[in-house]
Amino acid sequence: MRVKESVHKISKTIRVCLNNNLTFAAYRLPEKAEQNLIVQKDSEIKYIDNLSNITELKGFFVAPFLQTEKNRMFLIQPDYYFKGNISEKEFYNLSKIKNQVRNNIESTFENEVPKTEYLEQVESIIKAIKENKIEKAVLSRIKIVKGKFEEQLPALFSKLCDSFPNAFAYLFKADGHFWMGATPEPFAFLKNNTFQTSSVAGTRENTERYLQLKNWGSKEKKEQQYVSDHISRILKNENWPILSCLGPYVKKAGNLFHLRTDFTTNIAEVNGNVGYVLEKLHPTPAVCGYPTNDARQIIESIEKHNREYYSGFLGPVGLENAITLFVNLRCMRISETYLSLYTGSGITIDSIPEDEWQETEMKTDTLLSAIKNIS
């Protein structure tokens, strides 16, 4: 009679990675039950200057909102790649790897913006829109949750996976970068020459009324249309034929609804570089504004924090011959004594400042509910 080999869950293996100071990324794809784990043997991650060779990369890829000297794209390489449970032998081998160099966590403390100041920031953006400087800008803020949470991270990751089955749930730690999230927004998928990207914007509470597109307001529909127009224009400029355009339709994301449109093309029919198109697409009006450059300048003049990897994109690349990337929303940066929760809302000429504040509150509830549940 063959003795069944014992196995270990990803959540338990995350504890080993944290205790041994390893560079790793755990993730669970939307609508999948299986958790995945990528572990790199050494602590020196591969920084990426541009996306020209993204189809040749293999591992867990992370890109910031804006590429700067401090916030750079990087890759966690898959010296170990686990899907689902981990065998006793693999678990033992992994537990013997330890990084002596401390994977230090950035300790820069970001101040929260009071509600009154946030409302003033929204008003200043509305003023810029009325002066025809821009048509939309996405304003973000940070909510600080004080406490030491590292011991609870494996449980919190599992909780995010269970609570938000339609989201991309992840946790990674690499070269001082320590983040976790459950993002509802796809950025780009590529497999077998089929390329898909999505326009996701506009937010409403998860109630039966907003299951019907006709009940959404012009503000949300306009927000989403900016993103759809941006994607459509770039694909057409690069002569990438749009084979299908599905939407807009209502998509559930935890306790919220969003408007979404999916674009599909076949890159076998074109000579364009996938990485070049991704660089053109990011940042979309869903996370920056419209026109993009003008909106970005206004955001940088108003926001008092560094977005870092919030509203960038991330996900597994080159594994099972696919690129699977998501916009980094509903996320938090992990520090030794606090969590920084990032959230934002799209400001248009129809925006009501109080409503925009409430939207950011609803979005942070996605993570707060999970944190409170395991605390």
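If you take the residues in region 44-72 that are in contact (Cβ under 8 Å) with a residue 24 or more places away in the chain and among the acidic types (Asp, Glu), which one is nearest to Tyr309 (Cα to Cα)?
Looking at the filtered set, the residue picked out is Asp49.
Name the residues in region 261-278 that are touching a helix residue (DSSP H, G or I) at 6+ places or on another chain (Cβ under 9 Å), at pLDDT 95 or above and part of a strand (DSSP E or B), would you?
Thr261, Phe263
Could you tell me which numbered condition Asn19 fails, if it satisfies all but one of (1) of a type in the set (S, T, N, Q); (2) free of Cβ contacts under 8 Å to residues at least 24 places away in the same chain; (3) more than 26 Å from Glu336 (Cβ to Cβ)?
Checking Asn19 against (1) of a type in the set (S, T, N, Q); (2) free of Cβ contacts under 8 Å to residues at least 24 places away in the same chain; (3) more than 26 Å from Glu336 (Cβ to Cβ), the one that fails is (3).
Can you find a residue in region 236-253 that is polar (S, T, N, Q), under 21 Å from the mean Cα position of the chain (by Cα) and either crowded, with 17+ Cβ neighbours inside 10 Å or part of a strand (DSSP E or B) (or both)?
Checked region 236-253: no residue is polar (S, T, N, Q), under 21 Å from the mean Cα position of the chain (by Cα) and either crowded, with 17+ Cβ neighbours inside 10 Å or part of a strand (DSSP E or B) (or both).
Which residue pairs have Cβ atoms under 9 Å apart, sit 6 or more places apart or on different chains, and have a first residue in region 27-43 that is within 13 Å of Ser158 (Cα to Cα) and a second that is part of a loop (DSSP other than H, G, I, E, B) and charged (D, E, K, R)?
From region 27-43, the pairs are Arg28/Glu34; Gln35/Lys9.
Do any strands (runs of 3 or more DSSP E) entirely within region 66-171 hold 2 or more residues that are in contact with a Lys or Arg (Cβ under 7 Å, 6 or more places away or on another chain) and within 30 Å of Tyr47 (Cβ to Cβ), and if so, which?
73-76
For the subset of region 340-355 comprising residues that are surrounded by 21 or more Cβ atoms within 10 Å (Cβ to Cβ) and more than 16 Å from Pro285 (Cβ to Cβ), which member is farthest from the chain's Cα centre (by Cα)?
Taking the candidates together, the pick is Ser340.
The values are calculated or read from the model by the stated rules, or taken from the named source; none is laboratory data. Note that this is a predicted model, so its numbers are computed, not measured. Neighbour counts run over all protein chains shown; Cβ positions are idealised from the backbone, glycine included.
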